[in-house]
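See structure below.
The values are calculated or read from the model by the stated rules, or taken from the named source; none is laboratory data. Every value quoted in this text rests on a predicted model; they were computed, and no experiment measured them. Note: ideal-geometry Cβ built from the backbone for every residue, glycine included; neighbour counts use all protein chains shown. Note: areas computed on protein heavy atoms with side chains; ligands, DNA, RNA excluded. Shrake-Rupley method; radii C 1.70, N 1.55, O 1.52, S 1.80 Å.
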Amino acid sequence: MRFTKRGATSAVAASFLVLMGTGTAHADTGYTSCTNSSQDPGGENCTVYYRGSDGSRASSVDFIAYGEHVYMYDEAADGKGIYAQLRWGSTPLPEKWLTAGYGTSTEFNIPAFQDGTNVPIRVCQTNAGQLQTCITMYPVA
């Protein structure tokens with residue numbers, strides 16, 4: 001399993017958020033975790049998740065290699081949402097916003113990729129329509 005911690009925004013960026021009145025002075029810490037897919041040999045499932053300042057899980061996005069599915073979850077009543085977009089060159093590809101609030105989820109399929117292909121997916125928390133704390137995960141289809 002690969003595991004990566006991505007830091008929160010810098011003090012300068014956090015100060016900018018306060019000055020711009022977004023309603024929060026901190027950005028949550030983001031993490032990625034990837035494991036081999038048991039249903040799709042050679043495939044890799046990945047998750048990006050965010051933890052709030054209290055350490056609880058705030059939101060997450062899962063990529064499941066078998067069928068190339070993306071699942072999104074809002075797991076905290078913190079006023080933030082989650083965003084995911086497939087990144088593949090200059091071709092417009094699926095993106096999804098989940099801003100309906102705590103306890104909501106959504107899913108979408110991405111175009112089928114040849115087995116063994118890295119599938120870059122950009123994941124960001126959202127706050128008042130603005131993207132924050134973006135991380136790109138690289139699961140394998």
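Scanning region 89-102 for residues that are touching a residue at least 24 places away in the same chain (Cβ under 8 Å), outside any strand (DSSP E or B) and open to solvent by 60 Å² or more (accessible area, probe 1.4 Å) returns THR99, ALA100, TYR102. The residues of region 49-72 that are in a strand (DSSP E or B) and within 18 Å of PRO139 (Cα to Cα), listed by number, are TYR49, TYR50, SER60, VAL61, ASP62, PHE63, ILE64, HIS69, VAL70, TYR71, MET72.
Kindly provide the set of residues from region 72-88 that are open to solvent by less than 70 Å² (accessible area, probe 1.4 Å) and within 21 Å of ASN127 (Cβ to Cβ), ordered by number. Matches in region 72-88: MET72, ASP74, GLU75, ALA76, ASP78, GLY79, LYS80, GLY81, ILE82, TYR83, ALA84, GLN85. Taken across region 53-71, residues that are open to solvent by less than 50 Å² (accessible area, probe 1.4 Å) and touching a Leu at 6+ places or on another chain (Cβ under 6 Å) do not occur at all. Residue pairs whose Cβ atoms lie under 6 Å apart, sitting 6 or more positions apart in sequence or on different chains, and linking a residue in region 62-86 that is in contact (Cβ under 8 Å) with a residue 40 or more places away in the chain to a partner that is of a type in the set (Phe, Trp, Tyr), are VAL70/PHE63; VAL70/PHE108; TYR83/TRP97.
Checking each residue in region 119-141 for being open to solvent by 80 Å² or more (accessible area, probe 1.4 Å) and outside any loop (DSSP other than H, G, I, E, B) picks out only GLN130. If I filter region 31-48 down to residues being outside any strand (DSSP E or B) and small (Gly, Ala, Ser), which single residue comes out as farthest from SER59 (Cα to Cα)? The residue in question is GLY42. Among residues of region 32-44 that are within 26 Å of CYS124 (Cβ to Cβ) and open to solvent by less than 10 Å² (accessible area, probe 1.4 Å), those with a beta-carbon under 7 Å from a residue that is of a type in the set (Phe, Trp, Tyr) and assigned to a loop (DSSP other than H, G, I, E, B) at least six positions away or on a different chain give the pairs GLY43/TYR66.
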